[in-house]
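The values are calculated or read from the model by the stated rules, or taken from the named source; none is laboratory data. Everything numeric in this text was worked out from a predicted model, so none of it was measured. Cβ atoms come from the backbone with ideal geometry, glycine included; neighbour counts cover every protein chain shown.
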Amino acid sequence: MMTGLTRNTTHLMPITERPPIVFTRGAGSYLYDEAGLAYLDWMQGWAVNCLGHAPDVIVAALARQASTLITSSPAFHNLPAAELASLLVQHSAMDQVFLANTGAEANEGAIKLARKWGQLHKQGAFEVITFGKAFHGRTIAMMSASGKPGWDTYFPPQVPGFPKATLNDLDSVRALIGPQTVAIMLEPIQGEGGVNPASLAFMRGLRALCDEHYLLLILDEIQTGCGRTGTLFGYQQYGIEPDIMTLGKGLGGGVPISALLAKQHCCVFEHGDQGGTFCGNPLTAAVGIAVFNALIAPGFLENIELRSQQLTDGLQQISHDLDLGEVRGAGLLLALELAAPIGPQVVDAARRNGLLLNSPRPQCLRFMPALNSTEVEIRNGLRILRQTLEHCRNAQTVAV
Ligand SMILES: *Cc1c(COP(=O)(O)O)cnc(C)c1O
């Protein structure tokens, strides 16, 4: 297991603490380290590998498209980009699509679109109300749009125009609406913030506020979209439709592609407003098509619901037995609240037991298994999780 350390990593900028382990192969729900040890992966690249590691459909799409046309230029149309856009429009409430590469880039595009719409329809209004604990990406503007504690002081000055309201508090939103307001932007379920769902009443209230004040509702579905919450898109569970929506993560099943989608009335980009060297390239668009076709295949969403119920039941049982906290989320984006801020220790211990977990906040574990996980895989993960949590609890009791 330590052989990974003999590899020279000193020329990589140290952007985060990483365990002394190198994964060299992935297949389905499992990652394998250099020694060949298997790890059940419930991070899946942060809800990215919706079909698990190295799924056949992505491997085939990459090989086929790579030997046909990898990239032409955004100056020309290509077939995969047009087909993926049509697929997304057919299956959503949106009318047009701009393909990009990362979630942050799609969100930047959403803000540009909203500001342009504000120039055309609202006397230059530009403010986009966002939320505490929100996560929208790591560009300078998206860090300003995000509500992660501390992020407002990291790289000053912030980009102006992102006043922060409180999730599930309609009055806090209403209080921020003024002549400069052009849009409200949120995640249906805050992912990085700790799996905090927007309530049904809140989401519907936001839609009504937008209609009343002539504002755009922007949903960042980079984490909640593409089947993650059990429906193709998170908004479908609220009985409302956004004006603008962004997708990323699961859209490429592990290959970097994202999308900005909008209803016709706010598709206001003119030539020259938006672009990007790799935006809409045929290679990643072909993967997007393969992934999306898998998501809409008969039975796929049904399996997510079944596995979600199984995982939710299992987590609730563990929480009950070990006196832990709330289980929340939807589909296969779930979280378990712990009794103490020991998330990082639990993550380390689980990894040593062969289960990869994420702790977005110290007192919370987040579960993002592949959407095509099997009943046996979910059962195995729950078993390892229970053992790990029991052990951590005993260790804590001894320490106290
Ligand atoms: C991951 C994520 C992003 C950022 O996507 P990147 O591809 O890392 O730029 C934005 N919004 C949400 C909700 C996300 O989960």
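Observations on the model:
- A134, sole failed condition from (1) surrounded by fewer than 24 Cβ atoms within 10 Å (Cβ to Cβ); (2) assigned to a loop (DSSP other than H, G, I, E, B); (3) in contact with a strand residue (DSSP E or B) (Cβ under 8 Å, 6 or more places away or on another chain); (4) hydrophobic (A, V, I, L, M, F, W, C): (1)
- For the residues C279, C266, the requirement of being at pLDDT 95 or above and touching an Asp or Glu at 6+ places or on another chain (Cβ under 6 Å) singles out C266.
- The residues in the stretch 148-166 that are in contact (Cβ under 8 Å) with a residue 24 or more places away in the chain and either buried (at least 21 other Cβ atoms within 10 Å of the Cβ) or more than 16 Å from the ligand (Cβ to nearest atom) (or both) can be counted, and the count is 5.
- In the stretch 250-263, the residues that are surrounded by fewer than 24 Cβ atoms within 10 Å (Cβ to Cβ) and either farther than 16 Å from W117 by Cβ or modelled with pLDDT under 95 (or both): G254, V255, P256
- Screening the candidates G45, G26, G52 for the property of being closer than 19 Å to K249 by Cα, surrounded by 13 or more Cβ atoms within 10 Å (Cβ to Cβ), touching a His at 6+ places or on another chain (Cβ under 6 Å) and not β-branched (V, I, T) yields one hit, G26.
- Listed by first and then second residue, the pairs linking a residue in the stretch 48-71 that is under 15 Å from A370 (Cα atoms) to a residue that is loosely packed, with under 12 Cβ neighbours inside 10 Å and of a type in the set (F, W, Y), with Cβ atoms under 8 Å apart and 6 or more places separating them unless they lie on different chains, form an empty list.
- In the stretch 247-296, the residues that are of a type in the set (G, A, S) and assigned to a loop (DSSP other than H, G, I, E, B): G248, G253, G254, G272, G275, G276, G280
- Applying the criterion of being away from the ligand (no atom under 16 Å from the Cβ) and in a helix (DSSP H, G or I) to the residues of the stretch 84-112, the residue that is surrounded by the fewest Cβ atoms within 10 Å (Cβ to Cβ) is Q90.
- The residues in the stretch 380-395 that are in contact (Cβ under 8 Å) with a residue 40 or more places away in the chain and either within 24 Å of the chain's Cα centre (by Cα) or over 12 Å from S29 (Cβ atoms) (or both) can be counted, and the count is 11.
- Sole residue being closer than 24 Å to L216 by Cα and more than 16 Å from the ligand (Cβ to nearest atom), chosen from A81, A60, A75, A125: A125
- Some residue of the stretch 329-352 being crowded, with 16+ Cβ neighbours inside 10 Å and at positive phi: yes
- Only one entry of G178, G191 meets the criterion of being away from the ligand (no atom under 12 Å from the Cβ) and not polar (S, T, N, Q), and that entry is G178.
- The set of residues in the stretch 207-237 that are of a type in the set (S, T, Y) and either more than 13 Å from the ligand (Cβ to nearest atom) or part of a strand (DSSP E or B) (or both) comprises Y214, T231, Y235.
- Applying the set (1) within 10 Å of V182 (Cβ to Cβ); (2) out of contact with any strand residue (DSSP E or B) (no Cβ under 7 Å at 6 or more places or on another chain); (3) aliphatic (A, V, I, L, M) to I140 leaves exactly one unmet item: (1).
- Candidates I244, I240 - the one that is within 28 Å of A125 (Cα to Cα), of a type in the set (V, I, T), in contact with a Leu (Cβ under 8 Å, 6 or more places away or on another chain) and within 16 Å of the ligand (Cβ to nearest atom): I244
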